[in-house]
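Participant: Quick one: this structure, given as structure tokens, is what I'll be asking you about.
The values are calculated or read from the model by the stated rules, or taken from the named source; none is laboratory data. These numbers come from a predicted model, not from an experiment. Here the Cβ is made from the backbone with ideal geometry for all residues, glycine too, and neighbour counts use every protein chain on show. Surface accessibility is based on the protein's heavy atoms, side chains included, excluding ligands, DNA and RNA. Shrake-Rupley method; radii C 1.70, N 1.55, O 1.52, S 1.80 Å.
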Amino acid sequence: MTSKAINLTLKVWRQNGRKDKGRFEEYKANNISTDMSFLEMLDVVNEELTLSGQDPIAFDSDCREGICGQCGCVVDGHPHGHEKGTTLCQLHMRHFEDGDTVVIEPFRARAFKVLKDLMIDRSAMDGIIQAGGFVSVNAGGAPDANAIPISQEIAEKAMDAAQCIGCGACVAACPNASAMLFTSAKISHLALLPQGKPEAARRALSMIREMDALGFGNCSNERECEAECPKEISIVNIARANREFLKAGFFSSVM
Amino acid sequence: MQLDAKIPSGPIQDKWDKHRFELKLVNPANKRKYDIIVVGTGLAGGAAAATLAELGYNVKNFCIQDSPRRAHSIAAQGGINAAKNYQNDGDSIWRLFYDTVKGGDFRAREANVYRLAQVSRNIIDQGVAQGIPFAREYGGQLANRSFGGAQVSRTFYARGQTGQQLLLGAYASLSRQIAAGKVKMYPRREMLDLVIVDGKARGIVTRNLVNGEIEKYAAHAVVMATGGYGNVFFLSTNAMNCNVNAAYRCYRKGAFFGNPCYTQIHPTCIPVHGDYQSKLTLMSESLRNDGRVWVPKNPGDKRAPGEIPDSERFYYLEEKYPSFGNLVPRDVASRNAKEQCDNGRGVGETGLAVYLDFRDAIERDGQDVIAKKYGNLFQMYEKITAQDPYQVPMMIYPAVHYTMGGLWVDYNLMTTVPGLFATGECNFSDHGANRLGASALMQGLADGYFVIPYTIGGYLAGESMTPVTTDHPAFQDSMGQVKERVGKLMSINGKRTVDDFHKALGHIMWEYCGMARNNDGLEKARGMIQELRAEFWENALVPGETENVNQSLEKAGRVADFLEFAEMMVIDARHRQESCGGHFNEAFQTEEGEALRDDENYCYVAAWEDRGPGEDPVLHKEPLEFEHVKLTQRSYK
Ligand SMILES: Cc1cc2nc3c(=O)[nH]c(=O)nc-3n(C[C@H](O)[C@H](O)[C@H](O)COP(=O)(O)OP(=O)(O)OC[C@H]3O[C@@H](n4cnc5c(N)ncnc54)[C@H](O)[C@@H]3O)c2cc1C
Ligand code: SF4
Ligand code: FES
């Protein structure tokens with residue numbers, strides 16, 4: 001690790017609550033160690049703002065290791081910044097150059113609301129899961145875990161989809177602000193596994209309908225979601241979810 | 001007050017069955033007449049809320065994050081233990097029970113640990129039924145790996161994201177109950193007080209983290225599932241929002257606090273590298289399955305690791321502990337790393353690191369196999385350090401990770417306040433003085449899915465409950481106190497930031513109440529904490545507005561509680577004149593430097609009772625009796 005210090009200019013979206021119109025404001029971030037994470041850089045700026053009597057920048061984070069999905073904003077036009085397969089908390093300052101100007105703004109989508117500065121309300125994503133992103137099984141009475149063998153290949157594929165951290169970057173990246181990558185990842189994960197199969201078609205129908213109802217846009221295969229997803233969730237999942245959706249549509253039309 | 005752990009009578013293997021039979025039941029039609037508050041949506045809270053709702057209770061569930069899916073449990077990497085014996089390598093309920101009691105250095109309650117080992121099997125069944133994509137063998141059977149402190153392979157995992165997948169399973173069940181209207185979810189809320197009416201827990205007061213409103217909620221019982229307090233050290237592997245305030249507020253309202261000084265320092269974390277650092281990142285213990293820990297034999301050897309030949313490397317764990325090798329329990333591994341660094345063999349810029357080397361595993365199994373097992377961990381490491389662990393050994397150092405102490409609970413997981421239960425990491429429960437790897441996930445889910453749903457029914461059915469609404473004066477009182485405290489924090493208007501106080505506290509705790517402790521240091525620390533606390537209330541600077549998003553205010557409240565709680569930790573550590581597990585007092589060690597217990601005088605749970613501000617807490621003892629596991633000096637040789 002060879003660390004050096006760099007100086008940056010930040011253009012940060014400031015918005016004091018839902019009703020405020022919001023605007024960009026400029027700050028200096030000086031003497032930033034390249035070993036810092038992006039959020040640690042914001043911490044440092046916030047300490048300085050606090051000491052100089054200004055309001056620190058509100059932003060969400062929790063795990064700071066790329067797994068909880070709580071962090072995220074758009075950095076220079078990219079949700080979670082420009083590094084591939086990286087959440088904002090995992091983005092390190094060694095990927096910036098001395099003298100850079102960095103533009104930071106919240107994830108924007110019709111279904112998301114800015115609460116303050118970079119902090120948003122993404123509860124609509126929970127709403128999509130509540131519409132069917134589960135196997136209907138109560139605690140107790142499950143059969144032995146090894147009763148149904150699942151091939152390694154299927155388990156791995158399900159895991160690829162299940163890795164989604166629910167951050168919403170795919171929504172922010174999509175020109176239609178669709179949540180299709182997120183929704184399809186859950187539909188796929190469960191449809192691949194024997195435990196999820198019985199409800200697969202119904203689940204797809206109800207989750208995709210709910211996604212529309214909550215104000216997310218339609219998927220028109222723009223692929224930006226896949227490119228920006230910090231967990232590299234594949235759009236193969238969207239095709240798989242569409243198959244389940246069509247099956248469900250077919251059954252409900254013949255029933 | 002006499003502590004009664006309410007351990008059922010009879011042979012240990014029958015206790016839980018017998019107890020479940022003896023617990024009174026709530027008639028199914030009556031369950032909907034009961035409201036239950038669950039604070040926390042991690043494995044313990046999420047599982048409890050979902051399961052209680054499945055049973056028919058009305059649940060109100062609270063969390064700090066914007067979604068229940070983001071609780072700190074999501075970050076657990078390595079795996080979850082269960083006594084399935086799928087590998088046919090001699091595992092059993094009895095062995096998991098034994099390993100856990102021994103791993104905890106004989107400071108856990110036997111009956112609880114046995115129950116934990118029993119229900120561990122159901123957890124895996126439940127997880128698979130929920131659609132958790134656990135790792136599989138080619139034949140389609142579930143795969144296992146080994147974890148520290150065990151010689152069998154009983155750990156189930158989902159790549160390096162086991163906690164994530166288990167939590168998403170609980171979150172799925174919870175979401176189903178939210179959709180069914182049985183759980184009302186309150187995200188972005190922070191519990192700031194417990195409300196007691198007629199001696200029973202009947203509600204909570206929270207702050208809405210979006211608009212700053214102070215809110216009140218009533219119920220027939222309150223379940224705490226608010227996680228651990230490792231962030232008292234400022235730097236830890238815990239998520240940023242982990243705190244002690246919910247549990248501490250319960251303590252202030254009469255719940256005893258068990259063993260606060262038992263802290264787990266995890267041996268394999270990415271070393272500290274700057275004072276701006278906000279947290280430390282764990283590298284899962286599972287890496288010790290294939291990684292070999294070493295330091296240069298010669299102190300001060302500054303050569304690159306690749307240039308140091310095998311003959312000049314000291315594989316100290318393998319040499320000192322031939323039968324467990326790199327898989328000794330965490331407390332032992334951590335202390336050994338510290339010892340090597342103290343002796344000048346540490347590596348890296350600061351000299352506070354040891355190597356964890358995958359060279360031999362990659363040669364033996366190929367990079368593909370190693371990547372499949374640990375790929376995401378290697379990637380995480382590379383993102384932070386810009387070094388590729390496939391090419392150069394990882395550098396690791398111990399960091400604060402888990403807190404075994406917590407709210408004291410009886411066998412029913414009820415605290416000393418009737419109607420107040422505690423589950424998961426926030427109770428003191430099952431791990432004694434040291435938790436084995438992959439056992440926290442197991443305990444959280446055991447408590448949430450399989451223990452609390454029964455025991456809370458026993459409580460509710462056995463009590464006559466007067467109707468209580470939030471109009472009761474106790475709620476008004478509590479709200480008044482919370483508002484006053486918030487007002488006080490906002491009006492200090494000093495010159496030092498809250499983070500700065502938190503860092504200062506962290507330094508004190510790490511230095512004097514960390515991996516190795518001694519009486520002088522602990523006494524000194526107590527004075528330093530008192531001084532820092534006094535300064536905090538005069539000189540802290542909390543910007544922003546009360547009735548808006550205000551993250552500085554949130555932190556200020558948490559740090560204020562840490563500053564009080566830290567003193568209790570130090571008091572507990574000073575009082576325990578022995579070493580055991582995660583509590584290592586330098587005056588008490590064997591000739592080989594292992595923790596030396598004093599079973600004659602300290603074979604008990606220390607449960608502390610609050611006596612109000614400015615008063616020392618009062619010690620109560622729950623004696624520990626070992627009928628099934630013989631008390632011995634732990635040995636992993
Ligand atoms: C990096 C890391 C890796 C780990 N890996 C493993 C592993 O491989 N295997 C293993 O067994 N264990 C592991 N552990 C330990 C394990 O993850 C935790 O002990 C466990 O998940 C705790 O679960 P919990 O449900 O008790 O609490 P948490 O998951 O911490 O949940 C706490 C909940 O309480 C809420 N809360 C807290 N305070 C308040 C408040 N005041 N008001 C309202 N809500 C509040 C939070 O919002 C959250 O929802 C790991 C821990 C870490 C840090
Ligand atoms: S699909 Fe990717 S971008 Fe979208 S929510 Fe999941 S992890 Fe985030
Ligand atoms: S803070 Fe958890 S993913 Fe970034």
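Participant: What is the Rg over Rh value, at two decimals, for the stretch B:43-108, using alpha-carbon atoms and the Kirkwood definition of Rh?
Facilitator: Working: Rg = 16.7 Å, Rh = 15.1 Å.
For the stretch B:43-108, the value is 1.11.
Participant: If N is the number of residues in the stretch A:46-142, what value comes out of its Cα radius of gyration divided by 2.2 N^0.38 Å? Numbers along the way, then the final one.
Facilitator: Values: Rg = 17.4 Å, N = 97, 2.2 N^0.38 = 12.5 Å.
Taking the Cα Rg and dividing by 2.2 N^0.38 Å, one obtains 1.39.
Participant: For the protein assembly as shown, with every protein chain kept in place, what is the accessible area per residue (1.4 Å probe, Å²)? Before the final figure, lay out each step's value.
Facilitator: Working: 31070 Å² over 892 residues.
For the protein assembly as shown, the solvent-accessible area averages 35 Å² per residue.
Participant: Could you please put A:123, A:61 in sequence from largest to smallest accessible area, using a 1.4 Å probe?
Facilitator: Working: A:123 55, A:61 15 Å².
Sorted by accessible area, descending: A:123, A:61.
Participant: Once you have a ≥ b ≥ c as the square roots of the Cα gyration tensor eigenvalues for the protein assembly as shown, tell me rounded if a/c is under 1.5, and otherwise prolate or oblate according to whether a/b is larger than b/c. Spell out each step's value before the answer.
Facilitator: Values: a/c = 1.12, a/b = 1.06, b/c = 1.06.
Since a/c stays below 1.5, the shape of the protein assembly as shown is classed as rounded.
Participant: Round to the nearest 10 and give me the degree value, 0 to 90, for the angle of helix B:43-55's Cα axis relative to the longest principal axis of chain B.
Facilitator: Helix B:43-55 and the main axis of chain B meet at about 40 degrees.
Participant: Quick check: at a probe of 1.4 Å, how many percent of the accessible area of the protein assembly as shown sits on carbon and sulfur atoms?
Facilitator: Numbers: 15110 of 31070 Å².
The value for the protein assembly as shown is 49 percent carbon and sulfur by accessible area.
Participant: Tell me which residues come under 5 Å, amide H to amide H, from residue B:256 once H is placed; ignore anything under 5 positions away on its chain.
Facilitator: For residue B:256, whose amide H was placed from the backbone, the distant partners under 5 Å are B:408, B:416, B:417.
Participant: Moving to a separate point now. Give me the net charge of residue B:473's neighbourhood, meaning all other residues with Cβ under 13 Å from the Cβ of residue B:473; Lys, Arg count +1, Asp, Glu -1. Please list the in-between numbers first.
Facilitator: Values: positive: B:202, B:216; negative: B:198, B:471, B:477.
It works out to a net charge of -1.
Participant: Roughly speaking, what is the centre-to-centre gap between the stretch B:505-567 and the stretch B:71-87 when only Cα atoms are used, to the nearest Å?
Facilitator: Distance between centres, Cα-based: 33 Å.
Participant: Still on this structure, I have one more. In nm², what is the average projected area of the convex hull enclosing the Cα atoms of chain B?
Facilitator: Numbers: hull surface 108.2 nm².
Computing the convex hull of the Cα atoms and averaging its projections yields 27.1 nm².
Participant: Would the stretch B:266-401 count as rounded, prolate or oblate if I go by the C-alpha gyration tensor, calling it rounded below 1.5 in a/c and otherwise prolate when a/b exceeds b/c, oblate otherwise? Let's see the in-between values first.
Facilitator: Details: a/c = 1.24, a/b = 1.04, b/c = 1.20.
Rounded shape, in that the Cα axes give a/c under 1.5.
Participant: Along the Cα→Cβ direction, 7 angstrom out, place labels at residue A:202 and residue A:220. What is the inter-label distance in nm?
Facilitator: With each label placed 7 Å out from Cα toward Cβ, I get 3.4 nm.
Participant: Cα extents of the stretch B:414-573 along the three principal axes, largest first, in whole Å?
Facilitator: Result for the stretch B:414-573: principal-axis Cα extents of 53, 45, 26 Å.
Participant: Which ³J(HN,Hα) values in Hz, rounded to whole numbers, follow from the phi angles of the stretch B:87-103 under the Karplus curve 6.51 cos²θ - 1.76 cosθ + 1.60, where θ = phi - 60° and Gly and Pro get x?
Facilitator: Each residue's phi maps through the Karplus curve to give 8, 6, 9, x, 7, 6, 4, 4, 5, 5, 4, 4, 4, 5, 5, 5, x Hz.
Participant: With N set to the number of residues, divide the alpha-carbon radius of gyration of the stretch B:356-445 by 2.2 N^0.38 Å and report two decimals.
Facilitator: On the way: Rg = 19.3 Å, N = 90, 2.2 N^0.38 = 12.2 Å.
That works out to 1.59 for the stretch B:356-445.
Participant: Taking amide hydrogens as modeled 1.01 Å from N in the peptide plane, which residues meet the under 5 Å criterion relative to residue B:220, leaving out close sequence neighbours?
Facilitator: Long-range HN contacts for residue B:220: B:35, B:36, B:37.
Participant: Just to confirm the number: angle between the C-alpha axis of helix A:180-192 and the first principal axis of chain A, 0 to 90 degrees, nearest 10?
Facilitator: The helix A:180-192 is inclined about 40 degrees to chain A.
Participant: To check my understanding: the extent here is largest minus smallest coordinate of the Cα atoms along each principal axis. What are those three numbers for the stretch A:109-255, in Å, largest first?
Facilitator: Answer, in whole Å and largest first: 50, 35, 29 Å.
Participant: Could I ask something else about it? Cross-link list B:102/B:200; B:60/B:555; B:15/B:637; B:200/B:279: which exceed 28 angstrom alpha carbon to alpha carbon?
Facilitator: The answer is B:102/B:200; B:15/B:637; B:200/B:279.
Participant: Using alpha-carbon positions, what is the distance between the centroids of the stretch A:29-101 and the stretch A:166-241, in Å?
Facilitator: Distance between centres, Cα-based: 27 Å.
Participant: Something else about it: May I ask for the angle, rounded to the nearest 10°, between helix B:162-179 and the longest principal axis of chain B, with both axes built from Cα atoms and the value confined to 0 to 90°?
Facilitator: Between helix and principal axis, roughly 20 degrees.
Participant: Do any chymotrypsin sites (Phe, Trp or Tyr not before Pro) in the stretch B:331-426 lie in a DSSP loop with no more than 15 other beta carbon atoms within 10 Å, and if so, which?
Facilitator: Working: sites: B:355, B:358, B:374, B:378, B:381, B:390, B:402, B:408, B:411, B:421; in loops: B:358, B:390, B:408, B:411.
Passing both the DSSP loop test and the Cβ count: B:390.
Participant: Report the Cα-based extents of chain A along its three principal axes, largest first, to the nearest Å.
Facilitator: 65, 42, 36
Participant: Could I ask something else about it? Apply the Kirkwood formula to the stretch B:439-516: the hydrodynamic radius equals the inverse of the mean of 1/r over all pairs of different alpha-carbon atoms; give it in Å with one decimal.
Facilitator: Working: mean 1/r = 0.0555 Å⁻¹.
Result for the stretch B:439-516, one decimal place: 18.0 Å.
Participant: Taking loop as defined by DSSP and a crowding limit of 14 other beta carbons within 10 Å, which trypsin sites (Lys or Arg not before Pro) in the stretch A:1-88 fit?
Facilitator: Working: sites: A:4, A:11, A:14, A:18, A:19, A:21, A:23, A:28, A:64, A:84; in loops: A:4, A:18, A:19, A:21, A:64, A:84.
Taking the stretch A:1-88 and a limit of 14 other Cβ atoms within 10 Å, the loop trypsin sites (Lys or Arg not before Pro) found are A:4, A:18, A:19, A:21, A:84.
Participant: Any chance you could list P(r) for the stretch B:478-623, counting all Cα-Cα pairs in 5 angstrom bins from zero, rounded to whole %?
Facilitator: Cα pair-distance distribution for the stretch B:478-623, in percent: 2, 9, 16, 17, 17, 13, 10, 7, 5, 3, 1, 0.
Participant: What does the charge count near residue B:441 come to, summing +1 for each Lys or Arg and -1 for each Asp or Glu among other residues with Cβ under 12 Å from its Cβ? The partial results should precede the final answer.
Facilitator: Values: positive: B:435; negative: B:425, B:447.
Net charge around residue B:441: -1.
Participant: Right, next: Please state the shape class of the stretch A:87-157: rounded when a/c is under 1.5, otherwise prolate if a/b exceeds b/c and oblate if not, all from the C-alpha gyration tensor.
Facilitator: Cα axes put the stretch A:87-157 in the oblate bin.
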